[in-house]
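Peer 1: Here it is, the structure, as structure tokens.
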Amino acid sequence: MVGVENKVASDKWRVTSNEQPGECPDMDTSATSSKVASYRDLRVWQKGMELVKAVYVITRPLPPEEKFGLVAQMRRAAVSVPSNIAEGHARKSTAEFVHFISVAEGSVAELDTQLTLCVDLGFCAPTNAEAAFGMITELKKMLNALRRSLSKVA
């Protein structure tokens, strides 16, 4: 088994001492620690949390008849992203972490589809969804890079 301190193969996922949670500067790792003590230190988790908040704002004005349909599905998919990152980080092996990162990638793809439907059905203006689509694209890249990096260690 690989300990938590050995899970992350690269420091680029660690929050540096001079940045605020939620920021995602270029992947400069000069001021980072080699250990990730908590999933909260992972930029990808922080970005996932930002996406959840954006999805809750986007889905708030949707029609009441969508409360148990598209609204619930979008919120559940969004919440699944940082939740799976956190759960994977808490697991005892890198292979398990990789699995949960893959599940988070699936949730991002689900949310991308659901947000596209939300716009196509006229429930959300494209301009209101633009930031969320940007976060989705960024999270896809970050999760893919993290999974590939961890797979080299596993």
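Peer 1: What number comes out for the charge environment of Thr116, summing +1 per Lys or Arg and -1 per Asp or Glu over other residues with Cβ under 13 Å away? Walk me through the intermediate numbers first.
Peer 2: Working: positive: none; negative: Glu110, Asp112, Asp120, Glu130.
So the surrounding residues net to -4.
Peer 1: Looking only at the range 82-110, which residues have a backbone nitrogen under 20 Å from a spot 7 Å from the Cα of Ser38 in the C-beta direction?
Peer 2: 82-92
Peer 1: Any chance you could run the full-extension gain for Ala131 through Phe68? It's 0.36 nm times the residue separation minus the Cα-Cα distance, nm to one decimal.
Peer 2: Roughly 20.3 nm would be gained on extension.
Peer 1: Just the C-alpha atoms of the range 48-153: what Rg/Rh do they give, with Rh taken as the Kirkwood radius?
Peer 2: 1.03
Peer 1: Here's another thing I want to ask about it. So what are the radius of gyration and Dmax for the Cα set of the range 93-154, in Å?
Peer 2: 14.3, 45
Peer 1: When Thr127, Thr94, Thr137 are ordered from fewest to most other Cβ atoms inside 10 Å of their Cβ, what list results?
Peer 2: Least crowded to most crowded, the residues run Thr127, Thr137, Thr94.
Peer 1: Here's something else I'd like to know. Under unit Cβ charges (Lys, Arg +1; Asp, Glu -1), what dipole magnitude, rounded to 20 debye, does the range 48-153 have relative to its Cα centre? Each step should come with its number before you reach the end.
Peer 2: Working: 12 positive and 11 negative charges, 92 e Å.
Rounded to the nearest 20 debye, it is 440 debye.
Peer 1: Want the number for Val153 to Val103: 0.36 nm per residue separation, take away the alpha-carbon distance, what's left?
Peer 2: This chain segment gains 16.1 nm when fully extended.
Peer 1: Along the charge dipole of the range 48-153, which of Ala145, Val119, Val71 sits closest to the positive end, that is, farthest toward it, with unit charges on the beta carbon of Lys, Arg, Asp and Glu (+1, +1, -1, -1)?
Peer 2: Farthest along the dipole direction, towards plus: Ala145.
Peer 1: How high is the relative contact order of the range 48-153, given as a whole-number percent (alpha carbon pairs under 8 Å, six or more residues apart)?
Peer 2: Reported as a whole number, the value is 31 percent.
Peer 1: Moving on. I need the calculated FRET efficiency for the pair Ser93 and Ala145, taking r as the beta carbon distance and R₀ as 25 Å, to the nearest 0.05.
Peer 2: 0.80
Every read-out reported here was derived from the displayed coordinates using simple, explicitly stated rules and does not represent laboratory data. Quick caveat, the model's predicted, so the values are computed rather than measured. FYI the Cβ positions are ideal-geometry reconstructions off the backbone, even for glycines, and counts take in every protein chain you see.
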